[in-house]
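Bear in mind that the values in this text are calculations on the coordinates, not laboratory data. Every value quoted in this text rests on a predicted model; they were computed, and no experiment measured them.
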Amino acid sequence: MDEQQSPRPAGRVSRLSEIRRRRKRRRQLTVLAAMLLVAAILAGVAGVYGSAMVGLGDVLDSVRIWLQPGPGFPVHTGVRQALSVQPVNGGFALLGTQDLQVYSDSGRQLRSIQHSYARPGLAAGGSHLCLYSRGGYELRVESRSQTLYTASLPGSILLCDMSSNDSLAVLTTSTRGTAELIVYDSRFRQIYGWQMTESEGDPLVLAFAPDNRQLAVGAIRTQDGRLVSQVHLLDTGSDYVTATYSATGSLLLVAEWLSNNRLLAVFDSFAVVLSSKGEEVARLDYSPGEEPMDVSVCGRTTALLLRENTVDESGRLLILNDTLTALADFSLYGAEQVVCGRTAAYCMTNDSVHSYDFSGDLNWEHSSLSSPQALLVRGGKVMLFTSEKAELLDSGNETGGASA
């Protein structure tokens, strides 16, 4: 005779479920108490009430995100055109033409912030975001739960960037020179200022180093009828420009820090790695007829997408280390954007996404019914943003940057 397992009484099942819920709740409260204790200790060490409260608010935001997981992906964002996608601690920010949305990594919407900027810009730090009006005067610094600061600046805003410790660098027009750079700490107190003169050019690029202290400002000017691109290296602890690198006849497109002492500068005809003293450490000259289409950095690895001046939309993808030595070099057709991750590079066409490992082999491809607009690679997830939608493409162990 076959043995049959007797069903558990309904009351016992209910009691077991309640015990599990209580245990889970106790674990969550224990973690919450520990995080609050750490925040209080840090506040006491800092000895600054305002900074402590900002930091405590960020800790509480992280706790809330952890305690309230989202429904997962895909997510209906309602954003028809993704202008920018940036990672923040525990999630990401999506900038559209009318609003800024903040989501957790589990797909829960944390905030939706309306704006009326004709040319909105977004800069992301660790836990804070700066939403600003390009060519306008207004900016606002947001956390994952509330507006921290709003400001109207005397000069029109050209560029903004945020460091991983939520310091904010702002470049504006200036009546005393070509531009003015101001750096604010996480409490929006000015900690650094620099006036750019005509000899230092008009700014094009702004980038914080991983140490949250050094900055790179890329600019252009003319000399004897020729274009001159310059990369100025600054340190918020110094009153002087640390170093300047100049390239005559070339246009600077991108500047990205690979480490605290290595800066990648991508020009229209070549790319260089500069030391923190402005010295050329490595250089890569493109083939005749090639020009950069897109570039993405993850750690010390760079994915550089080059376009060939042909009618068949052919191009070339280079995956480079911090000495600009090619880990992979292969031709592509129809690629428009690239995002570099920790172990792979992701290329977008007008209807698909392709993943390549660092030896140039195809990992996978995804065909999209809607035109891809942006990619975000972080936290073990590869997210694709199309019109009004965000979806996961791959669950591999990846961390990296964003497109758009």
Of every Cα-Cα pair in segment 145-302, the percentage lying beyond 21 Å is 46 percent
Rh_Kirkwood(segment 107-180) over Cα pairs, Å, one decimal, evaluates to 12.8 Å
Reduced Cα scattering model of segment 188-269, Debye log10 I(q)/I(0), q = 0.16 Å⁻¹
-0.59
Note, ³J(HN,Hα) from phi for segment 116-123, Karplus 6.51, -1.76, 1.60, rounded to Hz, x at Gly and Pro:
10, 6, 5, 10, x, x, 9, 10
If you wrap a convex hull around the alpha carbons of segment 168-222, what volume per residue comes out, as a whole number of Å³?
74 Å³
Can you bin every Cα-Cα distance in segment 289-404 into 5 Å intervals starting at zero and give me the percent of pairs per bin, rounded to whole numbers?
2, 13, 25, 26, 20, 10, 4, 1
